[in-house]
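The values are calculated or read from the model by the stated rules, or taken from the named source; none is laboratory data. Everything quoted here is computed from the prediction, not taken from an experiment. Ligands, DNA and RNA are stripped out before the accessible areas are found, and what is left, the full protein with its side chains, is counted by its heavy atoms. Shrake-Rupley method; radii C 1.70, N 1.55, O 1.52, S 1.80 Å.
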Amino acid sequence: AKDLGRNRIRFYEAAMQADVQERLTLEQDLKNAAAEGQLAAFVQPQVNAAGVVVGGELLMRWNHPVRGSVPPARFIPVAEASGLILRMGDWMILQACETLARLQAAQRDLSISVNVSERQFRQDDFVERMRGVLVSTGANPAHLILEVTESLLIENLDDTIARMTELRRLGVRFSIDDFGTGYSSLAYLKRLPLYELKIDKSFVQDAPHDPNDTAIVQSIISVARHLNLHVVAEGVETRAQADFLVASQCNGLQGYLFGRPEPLQQWLARQLQ
Ligand code: C2E
Ligand code: CA
Ligand code: CA
Ligand code: CA
């Protein structure tokens, strides 16, 4: 039994080492990825209760020359740990603003949501960068939605409120992503200049069959409505989920039922037709 335990530990250590090695390799490759055009912005549509497209969320994709498509769940944590997320995140914000400017020029009134990681948000010059991109692209900031997570909000709450308020003054809007999955306290919701709550797909997935998930989804919608916040559900895959969400007065829907993420330029061309 002792031998077995020792072997298990060895196996565990080897697996850990392989994982560290894998992360280092990914980090090395990620450094070149941007320069070599391997990163791409994809977009997934968001619809309103009537099923009309009202916007889209930008999602990053990495097409690795050898590994093929690497999922964000794999490379975003590496990008965050190494700091590469800063440049990558800036690039996504630029894509969002350029897209908004083009939609706007065609009088197409859509919103664009983009994910902002904690490290990016905390950059000393984040507000200045944001201002710079808005000015250089001419994008209407009222249609730009920055998605942030609950963990970001809770860390240094006062600092977060100050920074969000400055950004809000520029005209941009904030959405809380994966709402309900973090250490949320309803108390901070009223202190933050928020526009939207985004219900995590883990709750949407089993509604309306699972009574607990159904209750959670309805509670989030109710909180949002009482606080005058827009509320969007992600991960909507079935008609039954969509019908339930609309009946529960959810404002926006996003998920495979309405469209999978697709290359930004392809989507944009269709919106501009
Ligand atoms: P997220 O922000 O919660 O994005 C939603 C994820 O759900 C996306 O996964 C999307 O493709 C997926 N999804 C959409 N509809 C459905 C559906 O109907 N069913 C299911 N099962 N999944 C659906 P994706 O693109 O793999 O992204 C994973 C995560 O990576 C994102 O979660 C986000 O946290 C992060 N991420 C992606 N792009 C960026 C980025 O540019 N910056 C940052 N900081 N994070 C990003
Ligand atoms: Ca998101
Ligand atoms: Ca989510
Ligand atoms: Ca997420």
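Before moving on, here are some points about what is shown:
- q = 0.14 Å⁻¹, the stretch 81-146: log10 I(q)/I(0) [Debye, one scatterer per Cα]: -0.39
- Percentage of interatomic Cα-Cα distances in the stretch 180-226 larger than 13 Å: 58
- Accessible heavy-atom area order of Ser202, Ser117, highest first, probe of 1.4 Å: Ser202, Ser117
- Ratio of Rg to Rh for the stretch 1-67: 1.33 [Cα atoms; Kirkwood radius as inverse mean 1/r over pairs].
- Cα-based radius of gyration for the stretch 207-260, normalised by 2.2 N^0.38 Å, reads 1.07.
- For the chain: relative contact order, % (alpha-carbon pairs under 8 angstrom, 6 or more apart): 18
- Two numbers describe the Cα atoms of the stretch 1-112: Rg and Dmax, which are 20.1, 72 Å.
- The stretch 96-199: proportion of alpha-carbon pairs further apart than 22 angstrom, %: 28
- From the largest down, the stretch 145-273 spans 42, 41, 22 angstrom on the principal axes of its Cα atoms.
- Across the chain, Cα-Cα distances exceeding 32 Å account for 29% of all pairs.
- All distinct Cα pairs of the stretch 28-67 go into the 1/r average, and the inverse of that average, the Kirkwood radius, is 12.0 Å.
- Looking at the chain, the accessible area is 51 square angstrom per residue; that uses a 1.4 Å probe and ignores ligands, DNA and RNA.
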